[in-house]
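For reference, the structure is listed below as structure tokens.
Taken together, the values in this text are just the output of simple stated rules run on the coordinates, not laboratory data. The model shown is predicted, which means the values in this text are computed figures rather than measured ones. Using ideal geometry, Cβ is built from the backbone for each residue, glycine included, and neighbour counts are taken over all protein chains shown.
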Amino acid sequence: MMTPRKSLSPEGCLFAARALRDFGDSFVAILLPAYLLALGFTPLEVGVLATASLLGSASLTIGAGLLGARYGYRALLMAAACLMIATGIAFASAQVYSALLVIAFVGTINPSAGSVSVFVPLEHAALAHETRDADRTRTFARYSLAGALAAAAGSLAAAAPGVLTPLGFDPVFTMQGMFVIYGLLGVAGRMLYSRLPHRSSTPDIPKTSVLGPSRKIIFKLAALFSLDAFAGGFVVQSLLALWLFQRFDFSLAEAGVFFFWSGLLSALSYPVAARLSRRFGLVNTMVFTHIPSSIALMLAALAPSLPLALALLLIRAALSQMDVPTRSSYVMAVVTEAERPAAASFTSVPRSLAAAVSPSLAGALFAASPLAWPLLICGGLKILYDLLLLAQFRQVRPPEEG
């Protein structure tokens, strides 16, 4: 006698969808500069396209924030997955820069490998609604872990064109095939989102997504997160890959292996961050893991050799993402249940807008000087962000910290 198949829980569907999306975002972030350089575009044009992509993500996130209360997260996540499908197919078909620029703006191509995406605030509010306060940070850590492990595997997948080229395959053609695979991942993501309960991600609140008593806290957090995102935009994964390509003559296969280990270290840091936060608090965990990672990034920019630079970047990877689940959990903790959807959007949109400005500046700096100014600027601004966050929010504690 056959036993009935158990369906995934809402959390399971969101974890699986995040994993599929981050797998695709990861190999696309590495392939993007290699693909554009193969088509004959300059580092500045790579940076401008990355900026267009991040601006588009910001616009999509604003739309999701405005429409979330009316249509629910299930419908919006399914629509975003359809856009991901169209983006992959369109990017594989276009070779004219103006067309690629438009696709990057209106689509879901992500040069930052998952950290800025229309999907993220929708999923955050859904997870917070499904989770108790005591389990919230642990749930966000598992959610981030699922994405990071998949992203590490996606980094290895980015090496596929480099493996196939010696066998006689055209490198541009194989990279276009990878963009098609990216679109197919959107198909699988849509299937997972369709299994979410219709109201699993929309709290029983009035159909207006506005901030109330937590308005001041959220505006301060949004400003600080924008500074952090602006800094991070100087070293989005596509631009870090570009620096390694140009500074050390890194190959696509080598980049894939490096970003695999980098992503794996980031993934392993998420459960560690959840444990640290239970002992030291969310804000302290964010700040005192972030500052050393920024120092490692700045030292990597000045490293005279490839092995030393890679070692420092791996140290940075092991520390820099510990603030991801803790930050997400903190935002959901310091607002009321009714404000969570708006808070997720209000803190995400300014991040997207701020992150959209810096990649084009970084591209211009990489083109103008052999010194890795974007890495130095990124590290310095992130340290400033950490100090400001500590000063402003050390005493603002989530419920589980008493």
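A straight chain from residue 71 to residue 187 at 0.36 nm per residue would run longer than the Cα-Cα distance by 39.7 nm.
Taking the fewest neighbouring Cβ atoms within 10 Å as the starting point, the ordered list for 165, 42, 139 is 42, 165, 139. Please say if the stretch 302-346 is rounded, prolate or oblate, where rounded means a/c under 1.5 for a ≥ b ≥ c the square roots of the C-alpha gyration tensor eigenvalues, and otherwise the choice is prolate for a/b larger than b/c and oblate otherwise? Cα axes put the stretch 302-346 in the prolate bin. Once the Cα-Cα distance is subtracted from the 0.36 nm per residue extended length, the residue 95 to residue 198 segment shows a gain of 33.1 nm.
Give the shape of the chain as rounded, prolate or oblate, defined through the alpha-carbon gyration tensor: a ≥ b ≥ c are the square roots of its eigenvalues, a/c under 1.5 means rounded, and otherwise the shape is prolate if a/b is larger than b/c and oblate if not. Here the chain falls in the oblate category.
Spatial offset of the stretch 282-305 relative to the stretch 120-167 amounts to 22 Å, using the alpha carbon center of each. Rounded to whole numbers, the Karplus 3J(HN,Hα) couplings from phi for the stretch 249-258 are 6, 5, 8, 5, 5, 5, 5, x, 5, 4 Hz, using 6.51 cos²θ - 1.76 cosθ + 1.60 with θ = phi - 60°, and x at Gly and Pro.
Ranking of 378, 13, 82 by neighbouring Cβ atoms within 10 Å, starting from the fewest: 82, 13, 378. Starting from the Cα of residue 44, move 7 Å in the Cα-to-Cβ direction to define the label point; list residues of the stretch 343-362 whose amide nitrogen is under 18 Å from there. From the stretch 343-362, the list is 357-362. Computed from point charges on the beta carbon alone (+1 for Lys and Arg, -1 for Asp and Glu), the dipole magnitude for the chain about its Cα centre is near 1040 Debye.
Rounded to the nearest whole Hz, the Karplus-based 3J(HN,Hα) values (6.51 cos²θ - 1.76 cosθ + 1.60, θ = phi - 60°) of the stretch 289-300 follow the sequence 9, 6, 4, x, 5, 5, 4, 4, 4, 5, 5, 4, with x at glycine and proline. Under the rule a/c < 1.5 gives rounded, and otherwise a/b versus b/c splits prolate from oblate, where does the stretch 39-167 land using the Cα gyration tensor? Note, shape of the stretch 39-167 comes out oblate.
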